[in-house]
Ligand code: TMP
């Protein structure tokens with residue numbers, strides 16, 4: 001089973017990845033947790049460029065760097081771990097490119113879907129969770145944080161990314177298991193909703 005967490009920066013998804021991993025391990029599942037961009041040496045090096053380089057990056061270069069990191073991550077980590085029987089939880093996957101570069105950078109949802117089609121065909125997540133707090137919550141969380149290159153784009157950019165996610169989810173209605181969760185609920189409430197959905201999937205939807 002392949003599970004991804006999505007959301008704009010500061011949505012609290014990384015906390016939820018860890019909580020889900022712990023809960024599933026407690027009930028006896030083999031779980032592998034990973035993140036994008038990242039997961040291999042090459043992908044982490046690309047992450048470093050994407051988040052910390054102090055030179056503007058062309059929007060399409062940004063897309064291909066995220067995709068290059070994704071290809072390494074998918075072929076070397078995600079697919080092998082799924083084949084070994086792990087539940088794989090990834091903090092972000094191709095839906096991030098669709099929302100950030102498609103929505104945030106304005107390159108278009110459909111174009112980003114097309115560029116990501118090789119990943120969509122090979123490993124569409126069984127379940128994706130979109131953690132969606134109010135933008136004012138995100139703004140507050142960003143106040144005391146050292147910001148990376150993408151976070152520095154600010155709240156207007158994040159609003160466009162959020163719209164990208166909402167458009168994407170609307171376009172996937174009845175096609176994919178994409179669950180939106182109110183990110184202003186407590187950490188515990190969100191983790192309970194997530195765990196219940198995963199347990200339902202494991203009992204009912206699988207296969
Ligand atoms: P994070 O994993 O710590 O959230 O940082 C990754 C950053 O990169 C975050 O700002 C979202 C952004 N991102 C994209 O813009 N496109 C992508 O395809 C991915 C995976 C991440």
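Some observations on this one:
- The ranking of 165, 86 from fewest to most other beta carbons within 10 Å of each one's beta carbon is 86, 165.
- Beta bridges assigned by DSSP with both partners in region 1-105 are antiparallel in approximately 0 percent of cases.
- Whole-Å semi-axes of region 86-132's equivalent ellipsoid (Cα gyration tensor): 20, 14, 7
- Residue order, fewest to most surrounding Cβ atoms within 10 angstrom, among 130, 201, 94, 157: 201, 157, 130, 94
- At R0 = 30 Å, FRET efficiency that the Cβ-Cβ distance of residue 142 and residue 30 yields, to 0.05: 0.25
- Overall form of region 63-114 per C-alpha gyration tensor (a/c, 1.5; a/b vs b/c): prolate
- Going from the residue with the fewest nearby Cβ atoms within 10 Å to the one with the most, 184, 26 rank 26, 184.
- Gyration tensor (alpha-carbon) shape descriptor, region 36-89, a/c threshold 1.5: prolate
- Over all projection directions, the Cα-based convex hull of the chain averages an area of 11.1 nm².
- Model label zone, residue 185; criterion: amide N under 15 Å from point 7 Å along Cα-to-beta-carbon; scope region 120-138: 128-134
Coordinate-derived values only; no laboratory data. It should be emphasised that the depicted structure is a prediction, and the values quoted were computed from it without experimental measurement. Every residue, glycine among them, receives a Cβ derived from its backbone with ideal geometry; neighbour counts consider all protein chains shown.
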